[in-house]
Amino acid sequence: RHHPLLYEQQAKMAPDDSDTTTTKKPALYDVLGSATAGIFSRCITHPLDTAKARLQAPASSHGVQSSTSPYRGTLDAILRTYRCEGIRALYGGFGAVIVGGTPGTVVYLSGYAFFRDSISSQVQNWNQSRADGSNGDTTTKPVLTSGQEFLVHFASGMLAEAVTCIIYVPVDVIKERMQVQQRVPAAATHATQNTQYTGSLDAFQKIVKTEGMTGIYRGYGATLASFGPFSALYFMFYERCKAWSRERLLSQSRDGIQINTPVDDGDLPLAYLVGCSAGAGALASWLTSPLDMAKLRLQVQRGRAATA
């Protein structure tokens, strides 16, 4: 859900407080930039997310669930869904993601930056007080240790996710129930399956009618248990990878290798940012995939149980 490059762009747009020559950009720029990037990325990746949901969800035939997936892999899920149900099925729940997920992304990125800066400042003050036995001179705060950096990024990701889940949980419930439902083409009059939801708004209305407003929040704990660790690991790996990249570039500079790009935080070359992003996302996804599957199955089963 959260792309590190969105956070990176937000960090680059934030002026350095120590630089009095920098003109402060309105916060609206950050909001519009994050929202626009999120929409464009979702347009491209939503079919992949639909394939993931269908691969993770329990298969069913005539109302009987099966532990065997009808798809052989991601590409097979996309192709079969497109051939049997059309392009609309690949974008099930897209409306809910755009309406709710876009502001959720902005809230998450802002929340993560806020918690990271706040916690880092507290830890640095604590380090300083231990170093000199008081809260005296804090003009040169000691840097965080590797263990402290781990805890700062982990805690920041968890706290930001806990707040953002207020927005994300209803979006996830609607999106996932629409993604796993089987759409029947109009010409297939002999088919026995019917479309449960006709759109994101229809899904929201039916969930509220059959389960109440609390129904769309019953997966809050499962969602936090899934995306909380993912977010924490995601940014922890990402920040660590950026630090290694900066060290590598600085080492090359000391060895006489000419580099044309600054290596300050937020100014790494694009290739390094893409590599850090992909590596951190892949590793965090692999580690938390079982939690994500459990979350999806809980939310989908609630939908089936309520309409059975």
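Since every read-out is calculated from the coordinates, none of them should be taken as a lab result. This one's a predicted model, so the numbers in the text were calculated from it and none came from an experiment. We place every Cβ from the backbone using ideal geometry, glycine too, and count neighbours over all the protein chains shown.
Compared with the direct C-alpha span, the chain from Cys84 to Leu298 gains 74.4 nm at full extension, assuming 0.36 nm per residue. Please go through the residue pairs Lys175/Lys295; Lys175/Lys206; Lys52/Lys295; Lys209/Lys295 and name each one whose alpha carbons sit more than 20 Å apart in this structure. Too far apart for the 20 Å limit: Lys209/Lys295. Once both labels are positioned 7 Å from their Cα atoms along Cα-to-Cβ, the gap between Arg248 and Asp202 label points is 5.0 nm.
Using the Cβ-Cβ distance between Asn125 and Met213 with R0 = 51 Å, the FRET efficiency computed as 1/(1 + (r/R0)^6) comes to roughly 0.75. The slack in the chain from Arg72 to Thr45, taken as 0.36 nm per residue of separation less the alpha-carbon distance, amounts to 7.8 nm.
Residues in the stretch 105-130, backbone N under 16 Å from the label point at Ile166 (7 Å along the Cα-to-beta-carbon vector): list them, ranges by number please. Flagged as within label range: 105-112, 114-115.
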